[in-house]
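First up is the structure itself, then whatever we jot down about it.
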Amino acid sequence: MAKAKVLVAGAGPVGLVSAMVLAEAGVDVEVFERNADVMEDLRASTFHPPTLDMLAPYGISDVLVASGLKARMTQQRDRRKGLIAEFDLECLAGSTGYPFRLQCEQWKLNAELVRKLESHPRVTLRFGCAVEAARQDEQAVTIRIRTAGGMEDVRGDYLIGADGAWSTVRRSLGIEFEGYTYPERFLVVSTDFPFESHFDNLSWVNYVSDPDEWCVMLKVPSLWRVLFPTAEHESDEHVLSDEVIEARLQGLLPRAGAYEIVHRTLYKVHQRVASRFRLGRVMLAGDAAHINNPLGGMGMNGGVHDAFNLAAKLIEVIAGRAPDSLLDQYERQRRTVAIEYINANTARNKQLIEERDESVRSRIHAELRATAADPETALAYIRKTSMFDALERAGSIA
């Protein structure tokens, strides 16, 4: 492997996976993270089968499976009508080593990656180092970082901007982040209440439609997470208050006692894609390149898919086995998928789950039942929602 150093802005799953793949191939990597330690992000919690297949050769997947929940079934439900359709991921058994969704907190992936990388001879992890700017010339890329000791410039051959939705790397390069922000925000409430003991045949992954207040119910090993949409005009203090959260959970499942709330968070939701994923020696990946609503669990998974795609191409370019133009293919493949699959499907998921017209709702439910009842259409649906189709589409782009 030719001598080269790749800089990575951001030590989330996308940046750390990129670093792992590059380092294992013999590339020197330096990772910069503004936070002092691994963030325990409580948003992402679903790992799709192909993501686990990608992570498996690095010894990551089995560690996650051991600390997560196997969600073989996913369900489409309605708050008024109950179970509408159930999809069994076991039908994927011939095409993946993990025919289920894994419900496991994202921070566990981050922690395992850091554990592997902190002693890797090719990797330098620098926490408490905020990337403040990036610039490049024909020979190299330079980032300016802020540390406890002051400002510092670091030079490398390539830079991966995996520094999140508010990416400094993307903004430094003047790359537009095209799309829109939903007027409503999403409230996620975590509780240790055993919903599975009170809803008939409840799966670990449930999308619950309703014209007035849809929700998503997801189980992680120790908690249930319930996601609710929140009106634009309501204040954060009101939405996050004990009384309002209690009322919303009681509306979902009335009970005599109060719910124990373990965690609560409120955030804005966007559907955006960067106008470019590559500019010279700099590439964007994950949330820095595309963000979407969480309905379908495609954000973090799509970012990890970015990381594997990009790292593989960088390895070929650095080794001299492929021209620099191979990095343009990364943009063509992953930007197309971000637009056509990740953003399009998550936007459609939201539209379907919040539909208000009763005749349209009935048609949607009938279509879901018919899809689940037929093995061929059920498999097609599961391949699409598990992101196999997105990966195939990316692979078809020259």
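Laboratory data are not the source of any read-out in this text; all were calculated from the coordinates shown. Here the structure is a predicted model, which means the values were calculated and not measured. Every residue, glycine among them, receives a Cβ derived from its backbone with ideal geometry; neighbour counts consider all protein chains shown.
Just a few scattered comments:
- Gained length - Tyr58 relative to Ser275, 0.36 nm times residue gap less alpha-carbon distance: 74.9 nm
- Of the chymotrypsin sites (Phe, Trp or Tyr not before Pro) in segment 64-169, those whose Cβ has at most 15 other Cβ within 10 Å and which sit in DSSP loop: Trp166
- Our helix-only sum for the chain, with -39,500 (n - 2.57) per DSSP H run of n ≥ 4 divided by its residues, gives a mean residue ellipticity at 222 nm of -10000 deg cm²/dmol.
- Simple label model, 7 Å out from Cα along Cβ direction - Asn201 to Ala36, nm: 5.1 nm
- Each Lys and Arg contributes +1 and each Asp and Glu -1, all at the Cβ; summed about the Cα centre of segment 135-234, the dipole is approximately 480 debye.
- Near Thr385: Cβ cut-off under 12 Å, other residues only, Lys/Arg at +1 and Asp/Glu at -1. The net charge is +3.
- Summarising the amide proton neighbourhood of Leu253: residues at separation of 5 or more, or on other chains, whose placed amide H is nearer than 5 Å comprise an empty set.
- Extension gain for the segment Arg369 to Lys384, taken as residue separation times 0.36 nm less the Cα-Cα distance, is 3.7 nm to one decimal.
- Pairwise label distance in nanometres, Arg126 with Tyr180, each label 7 Å out on the Cα-Cβ vector: 4.1 nm
- Each of Ile339 and Glu232 was given a label point 7 Å from its Cα along the Cα-to-Cβ line. The distance between the two points is 2.6 nm.
- Val262 long-range amide H proximity, modeled H, under 5 Å: Ser190, Thr191, Asp192
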